[in-house]
Amino acid sequence: MTSFRYRAARPDGRIVSGSVNAESAGSAAALLLARGLSPVEGLRESPGTRVRPASRRQLAVVFRSLVSLVNAGLPVERAFAASVPLARGRLRQLLADVHRAIHEGSSVAAALKAGMGLVPSVIVGMIGAGERAGQLGTALDRAASHLEQEAELLGRLRQSLAYPAMLAVTGTVSVLVIGAVVVPRFAVLLADLGQVLPLSTRLLLAGSSILTRHGFVLALFAAALAALTYRAFQAPSLSTWLHEAVLGMPVVGSVRHSLASGRFCRAFASSLRSGMPALPALGAGMEAVGDTAIASRLGRARERVSRGQPIADSLSTESAVVPVCAQLLAVGEAGGRLAELAERAADVAAGEGERALRMLVAVIEPLFIIVFGGIVIFVAMALLQAVYGLRPA
């Protein structure tokens, strides 16, 4: 389904503009006429800019509501209409659009796909597979479970990183206040005495002077560097190389690889259970990893599978997943329980990633304390050395 921009006349003669989702320009024009709108110029295909997915927690609430309503016997079209109040922002508008599109004859997957990424591609693929197999209710249930598991995992990860982030922010603010407010006042007092200051005090005053005089420029430079780094991670030409570099880091790389492997295996298992064939399920899992380097490896593994190689061997050869996942997938592939073992592999990989992340956080927290505490100790010693070194004139 494609989004088309339009300018059309209402029955009262007023000109309105907007967008409509349809399979073709002719279908879009027919939809506008059915709504009482007469196009005044040719329909233009929207560029199709993708947006960031909605909150996993919010999506999980919406899809669990859809499951409950559909299982209660409510038609899927009315289930989407009833779930609109549960959402906010763009997702709320998308649910209303999905309700209208289903009423006009569109499939659920095609209507969700028109959200341009607001609903993750793996969820759209699962629902599309369930629709083709005549098991939409089951597909919605598995999509809701998948979103709930992802939301729970993301919540635990954010909880693990909350304290180090707070420590980094408060420590940085404290150092800036000391350097830009406290030290300059001591500098004025020491300058009036006209005596030679210790080396540590001179270094402290020089750093404080740079911070107070060029702090705005330094802040702009830091913001520009952060923006360039973010753009580099988003640019297709650099993101794969940067993600590969992160994967090669000693501890951070293993955490990222384990978490990405867990996301892939969970999406792969959910897609298989929804009735999706292996190759499309691999593609759905590839879109769920959130790492371009891992996605590139999965793409190469998928090509191997399309040439007839076993799934587990292909994933292991390309190092697309951590070894424990490859081993469990091999057992599942050999025993005809691929979806079941993929779910178990997802739990194992996510558990490994969380444990490694906790270990990393356990190292980062005292490191922050040592660094910021060392700065405060240096400031105190430098000022005390200057005070104790004063000689009466």
> How much of the accessible area of the chain, probe 1.4 Å, is carbon plus sulfur, in whole percent?
Replying inline: 61 percent
> With N residues in segment 264-349, what two-decimal value do you get for its Cα radius of gyration over 2.2 N^0.38 Å?
Replying inline: 0.92
> At 222 nm, what helix-only mean residue ellipticity would the chain give, in deg cm²/dmol to the nearest 500, using -39500 (n - 2.57) for each DSSP H run of four or more?
Replying inline: -24500 deg cm²/dmol
> So what is the relative contact order of the chain, in percent, for Cα pairs below 8 Å that sit 6 or more residues apart?
Replying inline: 15 percent
> Over the Cα atoms of the chain, Rg to Rh with Kirkwood Rh, two decimal places?
Replying inline: 1.13
> Which one of Val255, Val188, Val169 has the biggest mean-square fluctuation once the chain is modelled by GNM with Cα springs under 10 Å?
Replying inline: Val188
>> Please check: in the Gaussian network model of the chain (C-alpha springs, under 10 Å), which one of Gly134, Gly89, Gly253 has the largest mean-square fluctuation.
In response: Gly89
> Mind checking which of Leu282, Leu341, Leu32 has the largest fluctuation in a GNM of the chain, springs on alpha carbons under 10 Å?
Replying inline: Leu32
> If all Cα-Cα distances of segment 87-162 are sorted into 10 Å bins from 0 onward, what percent lands in each bin, rounded to whole numbers?
Replying inline: 19, 44, 28, 9, 2
> So who's got an amide H within less than 5 Å of the one on Arg7, skipping anything under 5 residues away but keeping other chains? H placed 1.01 Å off N, in plane.
Replying inline: Val40, Glu41
>> Suppose we look only past 24 Å in the calculated P(r) of segment 200-314. What percent of the Cα-Cα pairs does that tail hold?
In response: 48 percent
> What is the diffusion coefficient of segment 292-393 in µm²/s, taking the Kirkwood radius over Cα pairs and the Stokes-Einstein relation at 20 °C with a viscosity of 1.002 mPa s?
Replying inline: 121 µm²/s
> In whole Å, what is the distance between the alpha-carbon centres of segment 131-161 and segment 71-113?
Replying inline: 18 Å
>> Only four residue types carry charge here, +1 at the Cβ of Lys and Arg and -1 at the Cβ of Asp and Glu. Report the dipole size of the chain about the Cα centre in Debye, rounded to the nearest 20.
In response: 740 debye
> How much accessible area does Asp347 have with a 1.4 Å probe, in Å² rounded to the nearest 10?
Replying inline: 90 Å²
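The values are calculated or read from the model by the stated rules, or taken from the named source; none is laboratory data. Bear in mind that the values here come from a model prediction, so they are computed numbers and not experimental data. FYI the Cβ positions are ideal-geometry reconstructions off the backbone, even for glycines, and counts take in every protein chain you see. These area figures cover heavy atoms from the full protein model, side chains too; ligands, DNA and RNA do not enter into them. Shrake-Rupley method; radii C 1.70, N 1.55, O 1.52, S 1.80 Å.
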